[in-house]
Structure formats: C-alpha cells, structure tokens
1. From zero outward in steps of 10 Å, how is the percent of C-alpha pairs of region A:421-538 spread across the bins?
2. Determine the shielding of peptide A:57-66 by partner chains: average, over its residues, the number of Cβ atoms on other chains within 10 angstrom of each Cβ.
3. Of the listed pairs A:Lys200/A:Lys414; A:Lys302/A:Lys521; A:Lys506/B:Lys174; A:Lys103/B:Lys174, which have alpha-carbon separations greater than 25 Å here?
4. Specify which residue in the list A:Tyr535, A:Gly519, A:Gln507 is farthest towards the positive end of the charge dipole of region A:491-546, using unit charges on the beta carbon of Lys, Arg (+1) and Asp, Glu (-1), about the Cα centre.
5. What net charge is computed for the residues neighbouring B:Glu55, neighbours being all others with C-beta under 13 Å from the C-beta of B:Glu55, Lys and Arg scored +1, Asp and Glu -1?
6. For region A:489-553, what value does the Rg/Rh ratio take when both radii are computed over Cα atoms and Rh is the Kirkwood radius, given to two decimals?
7. Per residue, what volume in Å³ does the convex hull of the Cα atoms of region B:1-61 enclose?
8. Using 7 Å Cα-to-Cβ label points, what is the A:Glu163/B:Asn72 separation (nm, one decimal)?
Amino acid sequence: MTKQKRTTLKTFLASEKGFVGVVAGLFLIPTMTIAVGSFAIYGEVTNLTRAQQTVDAATLALANYPEPAREVGSSTWIDANTEPVHSLRLSETTLEMVDPFIKLSVEYGVAESYRWGLKLISRNGDMAVLPFVTSSAEFFYRPLELVMALDASASQKKNKMEEMIRNSLDVVYANQSYGDNVRISLFAYSEIVNLGSEYKDLISRQSRRLSPAGARGWVYDERREEWIHKKKGSPVLYKTQRVYDEQKKTLSKINAALVEDLLSEGGPGQKIGYAPVNRKPLKDVVSYVDLMEQPPMNEEDKFELVINDGRWSEKPGGYIYTYPTAYWDAAQLMMASEYWQGVDIREWAVIPKEWWEESYTEMFATSPDMYSMFGDMWGIWPFGKHRYGIVTANGDASRMSVLAGETNPDAVMKHMENYSSGTGTSPDEAFAWGYRLLNPNWSSAWKRGANFPTQYHSDTEKHLMIFAGRTGAESHLKVIPEICRRLADNGIRLSIFLPTDDHATKQEKEIYQECALCGEKNGSIYREIKRREIYQAFAEAAGQVARVRLISY
Amino acid sequence: MKNSGFVLALSRFLKGKEGAVGLEFALLVPILIVIVLGLYSANMYQRTDNTLHRETASMADILVNAPDGIVNEEGEFVEIPLEELLPMRAESARVLLQRAFSSTDPHSVEVGVKLFYVNTSVQDDKNVPIVMEASAGSTCPISKSLSMAERMRPGETAIIPYTEGDGMLFPVPKLRLLRIETCVIPTFGDLKSTLKLPVFLTSEFTAMRGNND
C-alpha cells in the first residue's frame, strides 16, 4: 500500500463525517435480521397452531365416519380447513385406528407461492424439516342394549326380514367392533313367542302340557272380561290333568306312539325345546304388567306365564275343537327338520278321515310329505283357519326363538335363519317381551351375566325397536299404554315402526302415538315407515354408542 | 460583493463540520420511522390475522356443540327453531369477534360473520342434508370452489359421511356440521382513518360433531 493510500484510509477512519449513518446502518442490519427472523418464527408457530387446530377438527369429524369411509374423509377434512394456513399445503395424511384410538398424522408441504422465500435461505426451496402434525382421539363407549321385536305375521316374508336385519346390523356396526358395548336381543312374536330350548325352563313342564286353547269351548271375552262358554255341556276349564287326559285320548286315536313322543317327559316333542309362551287372560292391567317385572319365581308363576285366552278355540263353521296344538307346533318343527322329511302328514294331522278326503287331498296331490305353505316351514294352520276349524296350531310361533344379549352380529344373522312367519300378531307380546329383555330384574333368566340387562338409568342406552304387524286376533291392547309408561319411566327408548298404513287399526295407531309421546323425553318415536327411517333409527342407536375425545399429550 | 459573500458563506457551510450529526440524524429519522411503523404494522397485521383464525376456530368449536335453544331470563332452556336461532348465533359471533379485536372500543373494528349449519338428519327429498345460512356484519369476500350445498352431496367431495343401506346412500344422521366464515378490516386503534387497509383479512373453519362428542 502506498503512503498516499494509507493516509487516505487513516483520514477516512478518523473522520467524524457520516458517523451516525454508518453506526445506524451497521446497527440496522442485525436489527432487521432479528425482526425478520422473529416474524418468520412467529409465522411458523402460528401456522403450526392452525395446522394443529385443523388436524384436531379433522380427527373429531372422522371419528363420526363409518370406518371404511374414514381414509377418504381424512383428506377432505384436512383440505377443508387448511385454506387459512397460507404457507402450508397438505402433503400426506396417515390415519391409524387401533381400537379404541384413532390417530391422524398430517405432513405438510410448503405452498408454491412461498417457495421463492425459502429459496433465499435454502438450496432447493424446501424446508429441512416439514411441519408434521398429529392428533389422537380416543373412543369411549356408552353401552347399548338394543331389542328388536320382529313381526312374525303372515304379511312378513323371511327373506325381506333377513335383509332388513342384515342391513340394519351393517349400519350399526359399520365394520366397527364394539365388544360387549353393544348387545342385541331379538325375538319374533306372533300371538305367542318361542322361548326356545335355552329358556324353556321359564315355563313349567306342566304348563307345556297344556293345550294353549285351554279347554274346549271356552274363550275369554275381553270386553266382558270373563270366560264365556261357547259350547253347552262342557265343564272343562283349566284343569290340567283333564286337558292332559283329553290330549292323550286324542293322540292315542291317531297313533299311540304320539302319546309317548309328545306327552312324555323327555320325548321328542319336549326335547326340541319348543316353548310357546302365551298371554295371561287379561283381567287387571296393572297386575298383568306386574308379571313382567320379575321372571317366574316358582312353578305357579311359570304356569301363569303361558296361560292364554284360547281365542282360537272357536272356528268358523261352528266346530269347536281342542287339540294339543303346542305339540302340533312341535310336530311342525320336527317335520321341517331334515330328520322328519318323508313323514306322512296324516300321521300327525288331527284330521278326521272324511274331512281329509273332502278338503285336503288336493293340497297333497303330489305327496303328503311335500306340503309346504311357507317355503321352508310346514304351514298347517290354514286347515283350521280357512276350512272347518279342525286343526290349528294355536298362534303359531315363529321357529326363531328368543336371542338375548348377543354381542356378535354374525351370530344374530345366524339366528335369523330360523325366522319364520305366518300367523296373526298380538303387538302386546312385542312390548311385553321387549320390556322383559331390557329389565334388569330378568338378569338371571337371560343367563348373560349379572350385567345384562343393566340397571335402569345407568350409562347404558336401552332401546326397544318394535316392528309392528297386522293384528290377527283380539290383542291385549289395553296393557300397552301401561307397559309404555314403565318403559318411559325407566328411560327406555322406544321406536315403533309400522310397515304400511293398513298394518294397524286406528285404535292401535293411537296407542302407538301415545306411547311415542309418553317416551318423548327418551327419544321415542312412532313411524309408519319408509325403510330409510329404519336404518336411520339404527344409525342413531349406533351413534349413541361410540363417543370420542381428543387426547392431550 | 454581495454574491461573493453569499457564495463564501454557503461554501463555508457546506465545508463546515459543525452540525453534521444533527443533519445525518434528521435524514435518518424518516427512514427509521418508516421501518419502525412498518414493523409495527406488519406485527399488528399478523396478530390480527392470527387472532381472527384463532377466534374463528374456537367459535366453530363452540357453536357446533351449542344446543338448539337458549336459556331464558328464568333460567329455563327454551328450544328455538334453527331458522330463528342461526341469525341470533351469527350476530352473537359477530359481537364476540369484534370484542376480541378491541375490548375498549368494539365499534372501531368492522367484522363480518357467515354461518353454515347442517344437521344431517334434516334432508331434502334426495336424501341430501339441507344447508342453512345466516350472516351478520360486513360481507366477507370468501370464495370457495365448492359451495357447502355441493359439499353435502355424496361423492368424493362430500364433507359428510354417507352409508349404504337397502341399495340407497343416505347420510349418517344426527351429525352437526358448522362452517364459519369471518372477516375483519384491519384497523389499528385511533389510526383507523389513516391506516385502514383496503383489504379484508378472512378466515374460515369447519367443525363436525356427532351426538355425544
């Protein structure tokens, strides 16, 4: 460096001119750097907060999706709220579901319009660490006890009923597993309910020997609330031994083996476990409904459970006969089974020979053992109903027995395979057995542990769905409002569905509406349905089960 | 000579070192003021934007969980039809948003709120949930590529879940979906008249809940 240059440098350094500007300029560089850096950091923290809000909202929303749709829904929901996060764009979402948790992880990329800024500070415009946001939520359950009372009247078709139940269960479960948190109970009701072999002990062996018709010539007149005698000279009224003797006598005339098979303890007729349960004659509504509060405690109670009003004992044409129709039903079941195929119906039918030849030969023109009125079910009742009142299974019960507290939807569908229909309906049976299946006092009867049915007003949602059918005979309609009152008081939700407008009388509809009104606080409804509304009801029931909350780490 | 005297004086002034610091400071002050005000404005803008988003998200969360009614003066819960309730909610949201920006003088801030509410159980004859709308305050210039009504229809863009039953698609019922769109004209206290920016800050948030979330 020359001397002149050194002198110039010394002069510049020693000069006071521009001192403030230089100092201020030097000071501004770090100040601006800090300010810009602060904004950048503040902005990114803000973005991450927003991204977290977005992912939290998405997780809570997705928890309400049916499981198969969640994967698709995750992108939709992240996208819906990512708009405000200016510098970020959705890059990838990962949804993990490990019962009872749902975890959504979202990887963000940097929006294209912001890349130019990043290029100033990085080589390729990408951030070294991309924002990665996760949110986890936990499902917790409000257990559901759902009872479905299915109409088994003639207007119902097995395949349609199966389809409806299958679709409904699909809606409820939607590929989710609830474990023991959802318990399905199911039964088909006509004028009687088939308890099935598992619950046949609920009624007494002695009462199973009764003809459901009670005795010849006697019918219970609900209007007069008394038994009336339709055939002069018959003194019989509920004397078990006498009815038994009559049955024995009748069966002996047909085939001596039938006595052994059907009336002996442990015989095929009893082994099949078919236990039709009919209603008690209605004299006092409250005491009738009181019977539902406890399972039968003794033989007398068990006997009470099955006595019916014998309304089918009088048939058109003036013929009044009493037959061992409970066993006749059992015979139907046996014949429907593979083992009994090939049995000549005439060996079972209690049909006088001359009537057989007059009226029924045509029906069995091909082969007596091939008669099938309802597809896979041997239908015998038309003999009595439409002809001379000779033989009728008194209130044919569906072959499907009661299913209580099932947790496996596949098992429910398996059970539905036994569903059969084909007689009249008494809707009070649906209310009564529905109530029993939700009643904690019946816990010992249903044999599903002490926690089923759960106590009233616990955290468990109790829901009775009744698919009402066309009433086939006099029903105990008077008891329904009282049952509905108890359902409402006990916090049970009631949904009544009528398949078509003509499936109930005006009086029945009014009762159903009153029931829905009575249980309004529990969400009870009555609908003359469209199918969609059924599925919605199931979806609502399921919607009550799984709840979700975010987990804070 | 008068002129030569003036020129000499000017020459001395320009060559003089006295007052250089003051002069440099005077020249730098406007620049510093612009920088400081710029930083302040940017900070306020960012804070306003952040507050808007935060309030919008939390209001969406609150409103989607709100019951369909109000508590009256007697302390009783009264159910109100959504047609009447939604405009009330929008107005309440507007007031809350305004307060969030200025607790001392809420009227100094202009805000707008628009609500979209869907209950998936309320559907039209094609099984598509009906979208209800209500707004309060300024009109927010938010334009979405798809309207809420379009996002209700089944398909890839649907923002609500559909399930299949009996060959039909129907929305999972009893889900409540609420979308809130908000906007604010950024103003900075008393300087509103001078520093009012000619743009809206906008935000939106969508939340959905089931029966018991």
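1. Values per bin, smallest distances first: 14, 44, 33, 9, 0.
2. The per-residue average across the peptide is 6.
3. A:Lys302/A:Lys521; A:Lys506/B:Lys174
4. A:Tyr535
5. Local net charge: +1.
6. Rounded to two decimals, Rg/Rh equals 1.15.
7. Convex hull volume per residue, Cα atoms: 76 Å³.
8. Taking the two extended label points, one gets 4.9 nm.
Read-outs throughout are calculated quantities, based only on the coordinates presented, and are distinct from any laboratory measurement. Treat the numbers as computed from the prediction; the structure is a model and nothing was measured. Using ideal geometry, Cβ is built from the backbone for each residue, glycine included, and neighbour counts are taken over all protein chains shown.
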